[in-house]
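The structure appears right after this line, and notes come after that.
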Amino acid sequence: MSTPLAGKVAIITGAGQGIGRAIALRLAKDGADIAILDLNIEKAQMVIAEIETMGRRGYATSTDVSDRDSLHAAVERAEKELNGFDIMINNAGIAQVLPLLDVKPADFEKINNINIGGVLWGIQAAAASFIKRGVKGKIINAASISAHKGQPIFGVYSATKFAVRGLTQAAAQEYARYGITVNAYSPGTVGTEMWEQIDRIMAERDGVAIGDSFKNQASGIALGRPSTPEDVAGFVAYLAGPDSDYMTGQSPLIDGGMLFI
Ligand SMILES: NC(=O)c1ccc[n+]([C@@H]2O[C@H](COP(=O)([O-])OP(=O)(O)OC[C@H]3O[C@@H](n4cnc5c(N)ncnc54)[C@H](O)[C@@H]3O)[C@@H](O)[C@H]2O)c1
């Protein structure tokens with residue numbers, strides 16, 4: 001079995017379920033020990049239990065990524081528990097289905113704090129630790145197809161994901177001199193709880209059956225099916241591994257053929 005990440009440690013935010021969980025399991029299969037930072041500690045612990053059955057070390061801790069102090073402290077705990085880390089994946093994020101006219105200040109603040117703040121604080125915590133320890137680490141952020149094309153009724157979500165691309169490009173240039181790379185992944189339509197929630201809201205809003213909006217969204221995908229979390233995790237494994245050492249500042253699409261840019 002190939003284990004390109006043997007001896008490495010990855011910290012992943014929002015890996016209690018969905019894409020983050022698939023990334024955690026994939027990187028563990030590739031040989032890494034895993035720390036999960038999530039609001040939902042029960043789910044994070046369940047994923048860590050799976051990782052331990054694979055013979056890897058794991059650590060779960062509760063964090064709100066939108067709170068800088070909480071995230072920095074959680075990264076420090078994970079670093080201590082697993083004796084350092086080499087890979088930081090800022091995956092946690094939320095969606096909002098809101099036409100621009102309906103956006104309230106509280107909605108705006110919440111999604112900015114989680115989707116932009118969570119990535120910024122995660123980049124900071126990882127870069128500070130990598131620089132201090134002289135680690136040529138990898139920082140990987142969750143963008144989206146919505147980071148490349150603004151999506152109607154997901155306008156503010158799209159804006160947060162454009163911001164993730166901006167942070168990724170800036171951080172890549174700030175940290176290149178330390179040998180740290182910073183990239184992002186841009187999934188399309190992935191079957192996770194995030195989409196189940198979007199689908200429920202759209203069903204109510206448009207008076208259509210549960211599942212129809214997801215099916216409709218997926219119908220335009222060139223490869224003929226929606227993404228699984230594992231499709232995304234395979235690409236993140238490449239970004240986390242040595243084959244991507246000469247890539248930095250990029251946010252490639254992994255969307256089955258939704259956008260062609
Ligand atoms: N599902 C998709 O189609 C899709 C497409 C493109 C991009 N993405 C992005 O991928 C990432 C993961 O999406 P997903 O579909 O797996 O989502 P999900 O809702 O299924 O899971 C998100 C996880 O993040 C955790 N989380 C949420 N807010 C948090 C916070 N403030 N602090 C700590 N943890 C928090 C949740 O507890 C959960 O475990 C997100 O950034 C999302 O925007 C998803």
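Quick check on my filter: what residues within region 32-78 are more than 21 Å from Lys110 (Cα to Cα) and within 8 Å of the ligand (Cβ to nearest atom)?
Of everything in region 32-78, those that are more than 21 Å from Lys110 (Cα to Cα) and within 8 Å of the ligand (Cβ to nearest atom) turn out to be Lys43, Ala44.
Quick one: which residue in Gly118, Gly84 is within 13 Å of the ligand (Cβ to nearest atom) and within 30 Å of Gly241 (Cβ to Cβ)?
Working: Gly84 fails: within 13 Å of the ligand (Cβ to nearest atom).
Of the residues listed, the single one that is within 13 Å of the ligand (Cβ to nearest atom) and within 30 Å of Gly241 (Cβ to Cβ) is Gly118.
For region 114-169, what are the residues that are in a loop (DSSP other than H, G, I, E, B) and touching a Phe, Trp or Tyr at 6+ places or on another chain (Cβ under 6 Å)? I'd like the intermediate steps shown before the answer.
From region 114-169, those in a loop (DSSP other than H, G, I, E, B) are 134-137, 143-144, 148-153; that's our starting set.
Matches in region 114-169: Gly137 only.
Being over 17 Å from Ala126 (Cα atoms) and more than 15 Å from the ligand (Cβ to nearest atom) is the filter here, so list the residues in region 6-26 that pass it.
Result: Ala6, Gly7.
What's the number of the condition Ile11 fails, among (1) outside any helix (DSSP H, G or I); (2) without any contact (Cβ under 8 Å) to a residue 60 or more places away in the chain?
Only one criterion is unmet by Ile11, namely (2).
Output the residues belonging to region 175-211 that are touching a residue at least 12 places away in the same chain (Cβ under 8 Å), away from the ligand (no atom under 16 Å from the Cβ) and either on the phi > 0 side of the Ramachandran plot or assigned to a helix (DSSP H, G or I) (or both).
Tyr175, Ala176, Tyr178, Gly179, Arg205
Residues that are crowded, with 22+ Cβ neighbours inside 10 Å, within 14 Å of the ligand (Cβ to nearest atom), over 19 Å from Ala143 (Cα atoms) and not β-branched (Val, Ile, Thr): does region 89-108 have at least one?
Within region 89-108, the first condition is being crowded, with 22+ Cβ neighbours inside 10 Å, and the residues that meet it are 89-93.
Checking the rest, the ones that are also within 14 Å of the ligand (Cβ to nearest atom) come to 89-93.
Subsequent filtering for residues that are over 19 Å from Ala143 (Cα atoms) retains none.
No, that holds for no residue.
Test Glu230 against the stated conditions and say whether it is within 16 Å of the ligand (Cβ to nearest atom), under 23 Å from Ala22 (Cα atoms) and surrounded by fewer than 13 Cβ atoms within 10 Å (Cβ to Cβ).
When the stated conditions are applied, Glu230 does not pass them.
Please pick out the residue among Leu27, Leu5, Leu37 that is buried (at least 17 other Cβ atoms within 10 Å of the Cβ), in a loop (DSSP other than H, G, I, E, B) and touching a helix residue (DSSP H, G or I) at 6+ places or on another chain (Cβ under 9 Å).
On the way: Leu27 fails: in a loop (DSSP other than H, G, I, E, B); Leu37 fails: in a loop (DSSP other than H, G, I, E, B).
Sole residue among the options that is buried (at least 17 other Cβ atoms within 10 Å of the Cβ), in a loop (DSSP other than H, G, I, E, B) and touching a helix residue (DSSP H, G or I) at 6+ places or on another chain (Cβ under 9 Å): Leu5.
Values quoted throughout were computed directly from the atomic coordinates according to the rules given, and no laboratory measurement underlies them. Predicted, not measured: the structure shown is a model, and the values here were computed from it. Note that we place each Cβ from the backbone using ideal geometry, even for glycine, and neighbour counts take in every protein chain shown.
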